[in-house]
Amino acid sequence: MTHKLSFKSLSVSIGNHRILHNVSGNCLSGTVTAVIGANGAGKSTLLKALTGEIAYLGTVRLGELNVAACSPILLALHRGVLPQQTSLAFPLSVDEVVRLGQIVPADELVLQTRRLAALEKVGMQAFVTRQYHDLSGGEQQRVQMARVLAQMETACDPFNENPKWLFLDEPVSSLDIRHQIQIMNIAREFANRGGGVFAIMHDLNLTAHYADQVLVLKGGQLIASGSVSETVESNVLSEAYDHPVLVNRTPPSEVPFVLPLASHA
Ligand SMILES: Nc1ncnc2c1ncn2[C@@H]1O[C@H](COP(=O)(O)OP(=O)(O)O)[C@@H](O)[C@H]1O
Ligand SMILES: [Mg+2]
């Protein structure tokens with residue numbers, strides 16, 4: 001069953017400052033939507049509005065749910081959020097961080113098996129007893145991803161009857177190339193199983209490779225949206241980033257690759 005994340009006339013203001021202006025769009029379960037744009041374009045603000053973490057004007061619907069009217073626990077059953085930054089106030093082990101995602105009670109042995117499986121997916125199973133604070137930035141990011149995956153596995157609805165959504169804010173920003181591909185493959189697999197993926201991306205080449213739909217934000221407005229070939233394109237990107245960008249295609253896949261033009265003064 002296809003399921004839609006739809007948002008209409010979304011605006012967010014903080015104080016007197018309008019951060020998001022009248023943004024509308026639709027994302028389908030079973031697909032990966034990437035959001036791109038310069039620093040400060042409003043990407044994280046859009047994600048926080050869609051996940052119900054900040055107040056907004058307009059409407060957000062996640063399938064049948066009106067996000068603004070949902071309790072945190074109901075939302076947590078339907079979507080997992082990987083924030084751009086995560087600070088932990090308490091000294092927790094890796095296993096305890098992943099356990100934070102397990103919001104539905106179950107037999108402890110089952111939960112433990114799922115936590116290990118989630119850590120294995122992100123290649124962090126050997127770190128299960130380690131202190132989270134002692135890990136590198138990239139390792140912490142992968143543990144946070146395991147927490148979100150554990151949350152989605154624990155949520156009680158069968159996956160296909162009520163698709164779930166992953167909201168990922170720069171999920172690969174601290175990762176080396178192998179782990180970037182690993183995490184993006186997990187996102188792709190989640191979509192292939194019928195879930196929805198909404199990911200903020202900085203790497204335009206990974207975006208071109210993995211996204212089914214791309215939303216381009218600039219100054220809090222949606223300046224373009226569509227397929228990779230419609231959006232990962234030199235005019236759109238040069239405007240989005242206020243910087244000349246060259247886009248080329250390599251056979252045999254013809255996936256675009258992006259080269260920001262460097263200038264040497
Ligand atoms: N709580 C806040 N108070 C004031 N300004 C904010 C707040 N949150 C975000 N902003 C501003 O809104 C703009 C968009 O922020 P953000 O959505 O985080 O951008 P990004 O596209 O880099 O994720 C930025 O200029 C940021 O400084
Ligand atoms: Mg951001």
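When the charge dipole of the range 4-260 is built from unit charges on Cβ atoms (+1 for Lys and Arg, -1 for Asp and Glu) and taken about the Cα centre, the candidate among His202, Gly220, Gln141 whose Cα reaches farthest toward its positive end is Gly220. Checking every one of the trypsin sites (Lys or Arg not before Pro) in the range 173-231 against DSSP loop status and a limit of 15 other Cβ atoms within 10 Å picks out Arg193.
Taking the Kirkwood radius as Rh and the Cα radius of gyration as Rg, the range 1-63 has a ratio of Rg/Rh equal to 0.98. As a length-normalised measure over Cα pairs under 8 Å and 6 or more apart, the relative contact order of the range 4-260 settles at 26 percent. A simple charge model with +1 on the Cβ of Lys and Arg, -1 on the Cβ of Asp and Glu and nothing else charged puts the dipole of the chain at about 320 debye relative to its Cα centre.
Between Ala55, Ala208, Ala199, the residue with the greatest mean-square fluctuation in the GNM of the chain (Cα pairs under 10 Å linked by springs) is Ala55.
Leu116 sits among other residues whose Cβ lies under 12 Å from its own Cβ, and their net charge, with Lys and Arg +1 and Asp and Glu -1, is +1. With Rh defined as the Kirkwood radius, the inverse of the mean 1/r over Cα pairs, the Rg/Rh of the range 68-208 is 0.94. Between Thr2 and Ser174, the contour length at 0.36 nm per residue exceeds the alpha carbon distance by 58.7 nm. Legend: calculated FRET efficiency, Ala262 to Ser87, from the Cβ-Cβ distance at R0 = 35 Å, rounded to 0.05, equals 0.55. DSSP beta bridges fully contained in the chain are about 60 percent antiparallel. Springs between Cα atoms under 10 Å define the GNM used for the chain, and in it the highest mean-square fluctuation of Leu109, Leu62, Leu237 occurs at Leu109. Over the chain, with a Gaussian network built from C-alpha contacts below 10 Å, which listed residue (Leu82, Leu246, Leu149) shows the highest mean-square fluctuation? In the Gaussian network model the winner is Leu246. A simple rule links phi to the HN-Hα coupling: the Karplus curve 6.51 cos²θ - 1.76 cosθ + 1.60 with θ = phi - 60°, which for the range 107-114 gives 4, 4, 5, 5, 4, 5, 4, 5 Hz, with x for Gly and Pro.
For the chain, the Cα-based Rg and Dmax, in that order, read 18.5, 63 Å.
No lab work stands behind these numbers, since they all come straight from the coordinates. Being a predicted model, the structure only gives us computed values, none of them experimental. We place every Cβ from the backbone using ideal geometry, glycine too, and count neighbours over all the protein chains shown.
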